[in-house]
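Enquirer: Structure provided below as structure tokens; questions to follow.
The values are calculated or read from the model by the stated rules, or taken from the named source; none is laboratory data. Quick caveat: nothing in here was measured; it's all calculated off a predicted structure. As a convention, Cβ positions derive from the backbone with ideal geometry for all residues, glycine included, and neighbour counts pool all protein chains shown.
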Amino acid sequence: MNPFEMKAPKMEKVYAEMQSLYAKPYDKDTVDPYTKCRIILMNGTEFEAVKHSHAIQRMIGNNDIRRALACVRRSEQQQQKRLSCLKPLNESVLEHTISYEQLAVDLTAWLAQHETDRNLVKALNFALLEDFDHLYRYANLLEMVSGIAAKSLVGGQTEIMPARPTVAHHRHPVDSVKIPAKGKSASSVTKMHASIITAAEQQTMNYYMNIAGFGNMSWIARENRSDIPGNGIWSTEATKAHYADMARRLYQEIGMVEEDHVTRYGSLLDTEIGMLECNLMHEYTECYLYYSCMQTETDPRIKKIWEMHFNEELAHLAEARRLLQTYEKKDFGEVLGDGTFPEVLVLKSNIEYVRKVLKGTVNLTDCKEDYCKVETVGEDSDFVRYQRKVVRNKGRMASHEVIEGHIAAFGTDYRFETAPHPIRSLKDRKTDNVVLGTADGVKV
Ligand SMILES: [Fe+2]
Ligand SMILES: [Fe+2]
Ligand SMILES: [Fe+2]
Ligand SMILES: [Fe+2]
């Protein structure tokens, strides 16, 4: 499949009537978990398209180029609006968060298994375990405050259990900057994979940046029934407020880790690409992702949206190509080779792969541009100095408190495991391990 060989509609034809932007949301009780993930992925891709296009406008003085970008950007905004309201009214912020982290896990795992650049694979595997741990922390919060088991939201396709503990994710920012995949030495597929994951992580980062402050008492939606475990923890308004505060602090804490992830992946992007080349790369990536969604979607109604957006992206791509030809006298081949899409991206279960990565790399941390075992870093390292400053009191870290809170109310943490946990020190369901991978780390 080569989008440059497809007939593209005219830009003027792609603007939609306002009412069509509010499509019927999915049914949260029957939707396929990966349909939700695809919607989040493409919403994040549209955010990136808009953000990047605005950034170019601010750095280019030619108003012909700026007008062309404004026209395409308006269409990207329409697509984003249509996607963001596919989330139904009755799906809570926390339920939606579970899908964000499931997407992070299964998108990262798929990319890592289809990537050949070792530098990018290492980054993907490293952050994979962290989003996997975030999923576990949010799942514990979800069951505590709303009585919902996250297994049903992920459709049993992604395990929910501890990995490298979130308290270990707080590292010095100098360590998250890696080596870019730049110039002719990196393939266009590697560059596209790096762009896809950067946009997805950026979406998660933005979501948590915005949502933390909106947490309120309505999040504590669990009925105080005597026939279910955890009964009694919401007996007073004060305890409800305590858990609502904990939820807001969890979004703050994990939001800080997503900043690390966006810096990490963003630092891998090609730094030698020109602005209009990068614009072409963005439109090509959107085409590839919508094409992948079309090929893998199981909901016929949502599939129609992917097809419509793919067709619109062909117009964006043609416009990006025209700008590059007109103003830089280059064609797409200089950026994308012959333009044929790589293998279609599939969001699916990766249980065995995640277990393998967990076994091999749970005790890694950053050592500048590379990674190393935590027990090998010294007391004077950037990692340890940062940990000693920022994670001074582990007992008051929200990522730890949600697990302790769940254990106190239910007797154990919340998990969904298909087999025993592969790491011995993470098997205990009555104690949250906050030593593994941290400055106080020990050998696994
Ligand atoms: Fe778009
Ligand atoms: Fe995450
Ligand atoms: Fe992340
Ligand atoms: Fe686009």
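Enquirer: Of everything in the stretch 88-119, what is buried (at least 21 other Cβ atoms within 10 Å of the Cβ) and among the β-branched types (Val, Ile, Thr)? Give them in sequence order.
Expert: Once the filter is applied, which keeps residues that are buried (at least 21 other Cβ atoms within 10 Å of the Cβ) and among the β-branched types (Val, Ile, Thr), the stretch 88-119 yields Thr97, Ile98, Val105, Thr108.
Enquirer: Continuing with this model, one more query. Name the residue that is farthest from Val189 (Cα to Cα), counting only residues in the stretch 285-304 that are among the polar types (S, T, N, Q) and either crowded, with 17+ Cβ neighbours inside 10 Å or modelled with pLDDT under 95 (or both).
Expert: Filtering the stretch 285-304 for residues that are among the polar types (S, T, N, Q) and either crowded, with 17+ Cβ neighbours inside 10 Å or modelled with pLDDT under 95 (or both), the one farthest from Val189 (Cα to Cα) comes out as Thr296.
Enquirer: Going by what's in this entry, would Glu307 be described as away from ligand 4 (no atom under 13 Å from the Cβ) and at pLDDT 95 or above?
Expert: The answer is yes for Glu307.
Enquirer: It is to be established whether one or more residues within the stretch 65-87 are closer than 22 Å to Ala149 by Cβ, surrounded by fewer than 24 Cβ atoms within 10 Å (Cβ to Cβ) and out of contact with any strand residue (DSSP E or B) (no Cβ under 6 Å at 6 or more places or on another chain).
Expert: yes
Enquirer: Val374: surrounded by 18 or more Cβ atoms within 10 Å (Cβ to Cβ), among the hydrophobic types (A, V, I, L, M, F, W, C) and within 19 Å of Val434 (Cα to Cα), yes or no?
Expert: Against the criterion (surrounded by 18 or more Cβ atoms within 10 Å (Cβ to Cβ), among the hydrophobic types (A, V, I, L, M, F, W, C) and within 19 Å of Val434 (Cα to Cα)), Val374 qualifies.
Enquirer: Could you list, in sequence order, the residues of the stretch 302-343 that are in contact with a Lys or Arg (Cβ under 8 Å, 6 or more places away or on another chain), assigned to a helix (DSSP H, G or I) and more than 13 Å from Arg38 (Cβ to Cβ)?
Expert: Leu314, Ala315, Leu324, listed by residue number.
Enquirer: With the checklist (1) assigned to a helix (DSSP H, G or I); (2) away from ligand 3 (no atom under 16 Å from the Cβ); (3) within 22 Å of the chain's Cα centre (by Cα) in hand, flag the one item Glu48 doesn't pass.
Expert: (2)
Enquirer: Pairs only if they're at least six apart or on different chains, beta carbon under 6 angstrom, first in the stretch 194-214 and on the phi < 0 side of the Ramachandran plot, second within 16 Å of ligand 4 (Cβ to nearest atom) and part of a helix (DSSP H, G or I); list them, first residue then second.
Expert: Close Cβ pairs satisfying both conditions: Ser195/Thr285; Ala199/Gly44; Ala199/Thr45; Ala199/Glu48; Ala200/Leu41; Ala200/Gly44; Gln203/Gly44; Gln203/Phe47.
Enquirer: Among (1) within 17 Å of Gln19 (Cα to Cα); (2) assigned to a helix (DSSP H, G or I); (3) of a type outside the set (A, V, I, L, M, F, W, C); (4) away from ligand 4 (no atom under 12 Å from the Cβ), there is one condition His96 misses while meeting the rest; what is its number?
Expert: All conditions pass for His96, except number (1).
Enquirer: May I ask you to verify whether Asp175 is out of contact with any strand residue (DSSP E or B) (no Cβ under 7 Å at 6 or more places or on another chain) and among the charged types (D, E, K, R)?
Expert: no
Enquirer: So which residues in the stretch 379-412 are among the basic types (Lys, Arg) and either under 16 Å from Thr365 (Cα atoms) or assigned to a loop (DSSP other than H, G, I, E, B) (or both), if there are any at all?
Expert: Of everything in the stretch 379-412, those that are among the basic types (Lys, Arg) and either under 16 Å from Thr365 (Cα atoms) or assigned to a loop (DSSP other than H, G, I, E, B) (or both) turn out to be Arg385, Arg388, Arg392.
Enquirer: Okay, moving on. Taking Lys122 and the conditions (1) among the charged types (D, E, K, R); (2) touching a strand residue (DSSP E or B) at 6+ places or on another chain (Cβ under 7 Å); (3) within 16 Å of ligand 2 (Cβ to nearest atom), which numbered condition does it fall short on, given that it satisfies the others?
Expert: Only one criterion is unmet by Lys122, namely (3).
Enquirer: Looking at Leu142, Leu107, which is the one that is over 23 Å from Asp260 (Cα atoms), within 15 Å of ligand 2 (Cβ to nearest atom) and out of contact with any Lys or Arg (no Cβ under 7 Å at 6 or more places or on another chain)?
Expert: Answer to the check: Leu142.
Enquirer: Ok, one more. I need every pair where a residue in the stretch 235-263 that is surrounded by 18 or more Cβ atoms within 10 Å (Cβ to Cβ) has its Cβ under 6 Å from the Cβ of a residue that is modelled with pLDDT of 95 or more and not in a helix (DSSP H, G or I), sequence separation at least 6 or different chains.
Expert: Note: no pairs meet the criteria.
Enquirer: If I filter the stretch 154-171 down to residues being surrounded by fewer than 24 Cβ atoms within 10 Å (Cβ to Cβ) and touching a helix residue (DSSP H, G or I) at 6+ places or on another chain (Cβ under 8 Å), which single residue comes out as farthest from Ile98 (Cα to Cα)?
Expert: Going through the stretch 154-171, the residues surrounded by fewer than 24 Cβ atoms within 10 Å (Cβ to Cβ) turn out to be 155-157, 170-171.
With touching a helix residue (DSSP H, G or I) at 6+ places or on another chain (Cβ under 8 Å) added as a condition, the list becomes 155, 157, 170-171.
Details: Gly155: 11, Gln157: 12, His170: 21, Arg171: 24 Å.
Step by step, filter the stretch 154-171, then rank; the result is Arg171.
Enquirer: Can you tell which of Leu317, Leu364, Leu358, Leu324 is crowded, with 18+ Cβ neighbours inside 10 Å, modelled with pLDDT of 95 or more, closer than 16 Å to Met1 by Cβ and not basic (Lys, Arg)?
Expert: Leu317
Enquirer: Regarding the stretch 274-291, can at least one residue be identified that is of a type in the set (D, E, K, R) and within 16 Å of ligand 1 (Cβ to nearest atom)?
Expert: yes
Enquirer: Right, next: Going by what's in this entry, would Glu12 be described as modelled with pLDDT under 95 and in a helix (DSSP H, G or I)?
Expert: yes
Enquirer: Mind checking whether some residue in the stretch 154-164 is hydroxyl-bearing (Ser, Thr, Tyr) and either under 17 Å from Gly255 (Cα atoms) or more than 18 Å from the chain's Cα centre (by Cα) (or both)?
Expert: No, there is no match, as no residue in the stretch 154-164 is hydroxyl-bearing (Ser, Thr, Tyr) and either under 17 Å from Gly255 (Cα atoms) or more than 18 Å from the chain's Cα centre (by Cα) (or both).
Enquirer: Report yes if some residue within the stretch 264-284 is crowded, with 20+ Cβ neighbours inside 10 Å, part of a helix (DSSP H, G or I), within 16 Å of ligand 3 (Cβ to nearest atom) and touching a residue at least 60 places away in the same chain (Cβ under 8 Å); otherwise report no.
Expert: yes
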